[in-house]
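One structure is given below, encoded as structure tokens.
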Amino acid sequence: MSKSVDLKTYYSLYSAIQDLPRFTAKQISSALNIGGRGQKYSTVTDHIRKLYEREISLRPNLVLRTFENYYTKGYFLRVKNPENITSAFYSLTQNPHLTYMLLLSGRYDFFVTSKYDLTFGSNLKIAKKSISYTPIYTNPLGWNHEVKDMLWKIASSTLSEGKIEREMEDWLPWEDIHFKIYDIMKNNVQIPFSTVAEETGFSSITVKKYFYETVLPYCNIAHYFFPKGYNHYHKSLILLSSQHEKGLVEVFSRLPCTSYVFPLEEEICLILFHEGVQDVMFAMKKLEEKGFIEKHLLLVPLYWE
């Protein structure tokens, strides 16, 4: 099988799993018409194994949406004394209340998220705080193109106007068991229910029932695609203000890789995967010159978890 056919197959698998995150080989085979007479479902299983081993995709995640009684706060932090950035870093990595943590190079030293209102040590200053609404993970329509080529096309694009909706739903009616199931499965929706049952003390039947009836309906599924493998790409975090947020999501969906969009109260936080920061800077400069972006700040993630 040629490289181009492989990539097309992987993208088709990624798309099918997006729709069927807890798939069976039979379901994927039927959806993609893979495996005819004399072929076994093991062919599909082998392709999926390579999809994840090569980090062309990452396991689908559960993303809890934004609710009035349970939502995420985003914090941009600065270290007061740069000599203490290492101790600040290790302090944050040990903080059990953080759901996401980035070490940054640029105006801010860290970006962290949490479901809690947090204070930090005397060496850390909160430079910016905002509600972080339900994130968007783009479906990369340019999966068979080069990043540089698509960024240059984006630079010459005309963007539609409109702000991303910042919806806060009424109420999350979860109890402790629902949070436990979510915490175990949030980084991999495909974890067997039997494994979740062992960790929670509930039966597999109960876990399955709670997952489908109470956990999944309040979550979105995030799936990812990186044609050359996740670790091949550089990452940039861009904090920007725009009246064309919907247009930005649309054009960045043309990239080969999944882009992450975190809507904040007044801005959006965008994480792009690329092969050269100069191409990202060129695209942002052109979009700003044409008035589609009011202002932007580019930061480089050095570490995240």
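Read-outs throughout are calculated quantities, based only on the coordinates presented, and are distinct from any laboratory measurement. Everything numeric here is computed off the predicted structure, so don't read it as measured data. Don't worry about glycine lacking a Cβ; one is built from the backbone with ideal geometry, like all the others, and counts go over all protein chains shown.
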**OP:** Would you give the gap between the C-alpha center of the stretch 124-174 and the C-alpha center of the stretch 241-289, rounded to a whole Å?
**Re:** 7
Original post:
So what's Rg/Rh here for the stretch 141-294, counting alpha carbon atoms and using the Kirkwood radius for Rh?
Top reply: 1.09
Original post:
So how do W171, W143, W304 line up by other beta-carbon neighbours within 10 Å, fewest first?
Top reply: W171, W304, W143
Subject >> Segment S15-S204, length gained on full extension (0.36 nm per residue, minus Cα span) >> reply: 65.3 nm
Original post:
Looking at the stretch 238-305, which trypsin sites (Lys or Arg not before Pro) are in a loop (DSSP not H, G, I, E or B) and have at most 15 other Cβ atoms within 10 Å?
Top reply: K290
Original post:
Based on the Cβ-Cβ distance of F120 and L141, what FRET efficiency does E = 1/(1 + (r/R0)^6) give at R0 = 35 Å, to the nearest 0.05?
Top reply: 0.35
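If you wrap a convex hull around the alpha carbons of the stretch 168-222, what volume per residue comes out, as a whole number of Å³?
79
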Original post:
So between K295 and L7, what do we pick up on full extension, going 0.36 nm a residue minus the alpha carbon distance?
Top reply: 100.1 nm
Original post:
Hey, rough spin-label estimate for R59 and F282, points 7 angstrom out along Cα→Cβ, what's it come to in nanometres?
Top reply: 3.9
Original post:
Which whole-number percentage describes the relative contact order of the stretch 72-132, with Cα contacts under 8 Å and a sequence gap of 6 or more?
Top reply: 54
**OP:** With viscosity set to 1.002 mPa s and temperature to 20 °C, compute the Stokes-Einstein D of the chain, Rh being the Kirkwood radius across alpha carbon pairs; µm²/s, no decimals.
**Re:** 102
**OP:** For the stretch 72-132, compute the number of Lys pairs whose alpha carbons are separated by less than 15 Å, excluding pairs fewer than 8 positions apart on the same chain.
**Re:** 6
